[in-house]
Amino acid sequence: MNIPLEDFDLRDTTQSGTYVVDPTDMDRLAADGAAARLHIARVDLAQCRDKACLLKRLSGALGFDPASGSNWDNLQSQLHDLGWLDGDGYVVLLDHSDEIQGAAEDDLDDALDIFDEAGEFWRSRKVPFWTFMAMSTSRVSVA
């Protein structure tokens with residue numbers, strides 16, 4: 001979903017979810033998230049073109065144990081267990097998403113489904129959980 005950046009209140013769990021944003025919005029979202037005392041995980045997806053790379057980059061940015069496995073079920077489980085991270089909630093920023101969307105759109109869709117589900121999990125606990133995917137507007141086809 002695309003909504004104007006100024007309409008976001010990152011502390012509002014009723015708004016939290018997965019959104020496509022312009023790449024130029026990522027720094028502001030990181031700053032707004034930090035100001036709201038949310039944990040910021042910035043994932044650089046530049047030159048990432050498959051599921052293995054996507055999972056590795058997500059794991060690294062979120063501080064997951066790399067030995068715990070690399071699959072969708074593991075990612076989902078780990079996103080439900082973020083209490084050890086600093087902050088009153090979570091913001092995941094997916095930078096340079098255009099490349100993986102073009103190369104492995106199904107994998108990106110699977111990951112976004114998992115982030116959507118994690119957002120619902122945390123929302124039910126009144127904890128903000130946001131995923132922002134930076135895409136140039138000419139390439140936007142998921143949200």
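The values are calculated or read from the model by the stated rules, or taken from the named source; none is laboratory data. A quick note: this is a predicted structure, and the numbers were derived from the prediction, not measured. All Cβ positions, glycine included, derive from the backbone under ideal geometry; neighbour counts span all protein chains shown.
Does D106 count as at pLDDT 90 or above, on the phi < 0 side of the Ramachandran plot and loosely packed, with under 15 Cβ neighbours inside 10 Å? Lay out the reasoning, then the answer.
Values: at pLDDT 90 or above: no; on the phi < 0 side of the Ramachandran plot: yes; loosely packed, with under 15 Cβ neighbours inside 10 Å: yes.
Criteria not met by D106.
Would you say R42 is within 25 Å of K126 (Cα to Cα), free of Cβ contacts under 8 Å to residues at least 24 places away in the same chain and of a type in the set (K, R)?
On the way: within 25 Å of K126 (Cα to Cα): yes; free of Cβ contacts under 8 Å to residues at least 24 places away in the same chain: no; of a type in the set (K, R): yes.
Spelling it out, it is not the case that R42 is within 25 Å of K126 (Cα to Cα), free of Cβ contacts under 8 Å to residues at least 24 places away in the same chain and of a type in the set (K, R).
Within segment 16-59, restricting attention to residues that are buried (at least 16 other Cβ atoms within 10 Å of the Cβ) and among the polar types (S, T, N, Q), which residue is nearest to V92 (Cα to Cα)?
If we take residues in segment 16-59 being buried (at least 16 other Cβ atoms within 10 Å of the Cβ) and among the polar types (S, T, N, Q), then T18 is nearest to V92 (Cα to Cα).
For segment 33-69, which residues satisfy the criterion of being part of a helix (DSSP H, G or I), more than 20 Å from D110 (Cα to Cα) and basic (K, R)?
none
Go through the residues of segment 66-76 one by one and say whether even a single one is under 28 Å from T14 (Cβ atoms), surrounded by 17 or more Cβ atoms within 10 Å (Cβ to Cβ) and in contact with a strand residue (DSSP E or B) (Cβ under 7 Å, 6 or more places away or on another chain).
No, that holds for no residue.
Could you grab me the full set of residues in segment 126-143 that are at pLDDT 90 or above and surrounded by 13 or more Cβ atoms within 10 Å (Cβ to Cβ)? So that I can check it myself, show each step before the final result.
The first filter runs over segment 126-143 and keeps only residues at pLDDT 90 or above, leaving 126-134.
Listed by number, the residues that qualify are V127, P128, F129, W130, T131, F132, M133, A134.
For (1) of a type in the set (S, T, N, Q); (2) within 14 Å of F132 (Cα to Cα), each residue gets a yes or a no:
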{"residue": "S16", "(1), (2)": "yes, yes"}
{"residue": "C48", "(1), (2)": "no, no"}
{"residue": "K56", "(1), (2)": "no, no"}
{"residue": "S70", "(1), (2)": "yes, no"}
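Any residue at all in segment 86-99 that is farther than 25 Å from V127 by Cβ, touching a helix residue (DSSP H, G or I) at 6+ places or on another chain (Cβ under 6 Å) and either of a type in the set (D, E) or in a helix (DSSP H, G or I) (or both)? Spell out how you get there, then give the answer.
Let us first name the residues in segment 86-99 that are farther than 25 Å from V127 by Cβ, namely 96, 98-99.
Checking the rest, the ones that are also touching a helix residue (DSSP H, G or I) at 6+ places or on another chain (Cβ under 6 Å) come to none.
There is no residue in segment 86-99 that is farther than 25 Å from V127 by Cβ, touching a helix residue (DSSP H, G or I) at 6+ places or on another chain (Cβ under 6 Å) and either of a type in the set (D, E) or in a helix (DSSP H, G or I) (or both).
Give all pairs with beta carbons closer than 6 Å in which a residue from segment 16-32 that is in a loop (DSSP other than H, G, I, E, B) meets a residue that is hydrophobic (A, V, I, L, M, F, W, C); count only pairs at least 6 apart in sequence or on separate chains.
S16/F129; S16/W130
For the subset of segment 77-89 comprising residues that are more than 19 Å from L29 (Cβ to Cβ) and within 14 Å of the chain's Cα centre (by Cα), which member is surrounded by the fewest Cβ atoms within 10 Å (Cβ to Cβ)? Even if it seems obvious, please write down each step before you answer.
At the first step, the residues of segment 77-89 found to be more than 19 Å from L29 (Cβ to Cβ) are 77-78, 80-81, 83-84.
Add one more test, that the residue is within 14 Å of the chain's Cα centre (by Cα), and what stays is 78, 80.
Values: Q78: 19, H80: 13.
Going through the qualifying residues, I end up with H80.
Hey, could you check segment 90-100 for residues that are crowded, with 22+ Cβ neighbours inside 10 Å and not aromatic (F, W, Y) and say which is modelled with the lowest pLDDT?
In this case the residue turns out to be I100.
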